[in-house]
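Below: the structure, in structure tokens.
The values are calculated or read from the model by the stated rules, or taken from the named source; none is laboratory data. From a predicted model like this one, the values you see are computed outputs, not experimental measurements. All Cβ positions, glycine included, derive from the backbone under ideal geometry; neighbour counts span all protein chains shown.
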Amino acid sequence: MQSADESENKKLKRSNDMPVTESTNPQNMDHSIFFPVEEIVQSPLPGYVAPSAISFSPDDSLITFLFSPDHSLNRNVFTLDLKTGKQELLFRPPDGGLDESSISPEEKLRRERSRERGLGVTRYEWAKSSSKKKKIMVPLPAGIYFQEFSSSKPQLKLPSSPTSPIIDPHLSPDGSMLAYVRDSELHVLNLLHNESIQLTSDSKGHQVTNALAEYIAQEEMDRKNGYWWSLDSKFIAFTQVDSSEIPLFRIMHQGKSAVGSSEAEEDHAYPFVGASNVKVRLGVVSVAGGPITWMDLLCGGTDNEEYLARVNWMHGNVLVAQVLNRSHTKLKILKFEIRTGKREVIFVEEQEPWINLHDCFTPLDKGLNQYSGGFLWASEKTGFKHLYLHDETGTCLGPITEGQWMVEQLAGVDEAAGFIYFTATLDSPLESNLYRAKLYPDHGTRISEGPLRLTHGKGKHVVVLDHHMRNFIDVHDSIDSPPRVLLCSLLDGSLIAPLYEQSVAIPRLKKLEFDHPEIVQIQTNDGTLLYGALYKPDPVKFGPPPYRTVISVYGGPGVQCVYDSWINTVDMRAQYFRSKGILVWKVWRIVVNKVSFKKKKKKKHCLSYLLDNRGSARRGLKFEGALKCNAGKVDADDQLTGAEWLIKQGLAQAGHIGLYGWSYGGYMSAMILARFPDTFCCAVAGAPVTSWDGYDTFYTEKYMGLPLENPRAYEYGSVMHHVYNLKGKLLLVHGMIDENVHFRHTARLVNGLIEAGKPYELLIFPDERHMPRRHKDRVYMENRIWEFMERCL
């Protein structure tokens, strides 16, 4: 491996058939010395040092947030008085807080599921209190701390240890108790008397656990919790997960010196596609202890009720569960009587090709009007995700929103005023804004007027509403502006005060000579659009195109790669390649109405106001469903279309286009290289799913169906099915203890390459999981990727 200095000063190599200009001489390459490869792995990204985990105090007089004054990953809790504008440090971990070496194996795996990289303090909760004392709860590896605003010293309320860690602690709604999981059992701590009670007692090691979300729930269903407080703080609903029928998948720590110890191997109850899932029961227990009431539900036992997707409490201690069938086409909302466990089906959603889970279920019960006891629900039955009002029997009373755009998140509900607040794509599919709409439909069926937009400025808005529905926090960024934090009025969205702002002239970016990418669009013969983000080399330094090109690809469902956000500007790998004279391209497919496209003229920097589109993530269900049983086909075809457009524009040249991707993107990189050998010359495939019969049940069966029912889709969707076509260079990168996409995916592909007589390169990390975390590993990886690309392009 070459050193950083050697890499920075090395003259770029070009193939004989690529154009060479005077601007490629070494004296015009001096800007690259300001961008060492180490910059790619620095966290947080430039501009992403803004406050996070923002919340209002119960009385809305203060806000708290996580922040790192030294712009590192190590964060503390700060508070801001909204009346005086005074900002103070509220909580700093006495022992330094969380780092990767101070947490248990269970917590490390939970961080993998959440893609969490933060250190110090990673989360906190406000503690409601009948007194005027304000305090927060902060979970740390050392235990559970409470910090009162009137005290300078935090209190360690509940010690923890690596051998018996406290997992997933949460305060009761009234703030008087703390629930947590320890040794796979549910406990509750009475904060007034400092007494702890164990509520469950029948776990069996890792085979039967209480109050913990199973792997599938955490990784694929976005359900991180395994228990839920009732609204009155008197009961807790929890899951019991039985994985005893799931064969254990063993992962060996080949890089360890120890053999046969717990440090040298680990076992996971991994549900492979087509095989059994874990069995999940739902129980309810009083916080005072006593017998457990089991609800009339067993998920994982039948195809009709395979997954426990969501659990909610309604007013009056009514428990509600969302249960999804195995084929992802039918979701039931069940209501339970918690003293008997008796169930009632109150609503059924059926949808092809699949149902996307969400968190928009919201109970309505204030006794204000005829809608008391009902709930809010989001459905894609029109092809786009919209909000609907249902009564207590589950009957739909009418839509709250409608149109060829989608609701993303439900931000808040003001039942008294009759308003609902949500983020959506109404103004642009490449943006996210906050809107207000009437909660109760006029005449019970139709919408009287469109939603009112409350956020200002193009780009992405992440919002936090206060408890009294008066103001909101707006975390706003765009492709040409880093995140800023604003306090705004919920009345009309007007700015009350800027709380945190950053200039585009961030010292780190100024040094690296960044420029935001250009968003472009391509129209294909059938009216399909490809939205792309172009990172062009400086023609003054590198001469005119065509350039060597790298396509950064993900391609999987549920992900948007190109949108109006600062995250695209600070794509450090893309900017690094650009600084080396390589054209970088991201592409994403949508579909628009042809007539509308012809009528409207669009500037290159303002393509995001299309309203009549269909697509994958954030584009509606109809186009998203084109992926059903088509992994590796339609998605790869779109990437080829993007590459061909670059060639036609004179920006790229066939045979000098490479690919980079991770996870599903790693799968796409290898698949595209094999399927289109005359266009692409090399690919980096990181942690690739090389054959879908080796991935998990929930994700794979949702998009590919069952293996026995769709054998041709599984065969075509395997990279090994196409390796005989391979001509280009392939670099495989994988962590050997990856418990998500197992290293066996890469090993099976290597066997296929050997069988086909095809060369390959392999970069393995014996002690890394799905994505390298250690700084030295990441720097080493980026150096190897750059060396590979420079050599092969």
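Within the stretch 140-161, can one find any residue that is closer than 29 Å to K279 by Cα and in contact (Cβ under 8 Å) with a residue 24 or more places away in the chain?
no
Is there a residue being among the acidic types (D, E), buried (at least 22 other Cβ atoms within 10 Å of the Cβ) and either touching a residue at least 12 places away in the same chain (Cβ under 8 Å) or touching a helix residue (DSSP H, G or I) at 6+ places or on another chain (Cβ under 8 Å) (or both) anywhere in the stretch 700-714?
Yes; the residues of the stretch 700-714 include at least one that is among the acidic types (D, E), buried (at least 22 other Cβ atoms within 10 Å of the Cβ) and either touching a residue at least 12 places away in the same chain (Cβ under 8 Å) or touching a helix residue (DSSP H, G or I) at 6+ places or on another chain (Cβ under 8 Å) (or both).
Only one residue in Y307, Y388 is of a type in the set (S, T, Y) and either modelled with pLDDT under 95 or within 24 Å of the chain's Cα centre (by Cα) (or both), so which one is that?
Unique residue meeting the criteria: Y307.
For K335, state whether it is more than 30 Å from I764 (Cβ to Cβ), in contact with an Asp or Glu (Cβ under 7 Å, 6 or more places away or on another chain) and basic (K, R).
For K335, the condition - more than 30 Å from I764 (Cβ to Cβ), in contact with an Asp or Glu (Cβ under 7 Å, 6 or more places away or on another chain) and basic (K, R) - is met.
Before we move on, is A411 under 25 Å from Q218 (Cβ atoms), out of contact with any Asp or Glu (no Cβ under 8 Å at 6 or more places or on another chain) and not assigned by TED's automatic domain parsing to the domain that holds Y531?
Judged against the criteria, A411 is a match.
List pairs: first residue in the stretch 105-117 and touching a residue at least 60 places away in the same chain (Cβ under 8 Å), second residue assigned to a helix (DSSP H, G or I) anywhere in the structure, Cβ distance under 6 angstrom, at least six positions apart or on different chains.
Hits for this filter: R113/Q218; R113/E219.
Residues I346, I355: which one is farther than 26 Å from S201 by Cα and assigned to a strand (DSSP E or B)?
Every option except I346 fails the conditions.
With a cut-off of at least 2 residues that are of a type in the set (A, V, I, L, M) and under 29 Å from A643 (Cα atoms), name the strands (runs of 3 or more DSSP E) lying wholly within the stretch 471-544.
518-523, 528-535
Just checking: which of the strands (runs of 3 or more DSSP E) contained wholly in the stretch 35-110 hold 3 or more residues that are under 30 Å from G581 (Cα atoms)?
Once the strands (runs of 3 or more DSSP E) in the stretch 35-110 are filtered for at least 3 residues that are under 30 Å from G581 (Cα atoms), nothing remains.
Tell me the residue from S448, S428 that is within 30 Å of L529 (Cα to Cα) and at pLDDT below 95, please.
S428
Within the stretch 541-570, restricting attention to residues that are at pLDDT 90 or above, over 22 Å from the mean Cα position of the chain (by Cα) and surrounded by fewer than 23 Cβ atoms within 10 Å (Cβ to Cβ), which residue is nearest to G655 (Cα to Cα)?
Out of the qualifying residues, it is P546.
Is it the case, given these coordinates, that A309 is outside any strand (DSSP E or B), out of contact with any Phe, Trp or Tyr (no Cβ under 8 Å at 6 or more places or on another chain) and either within 17 Å of A378 (Cβ to Cβ) or among the aliphatic types (A, V, I, L, M) (or both)?
In short, no.
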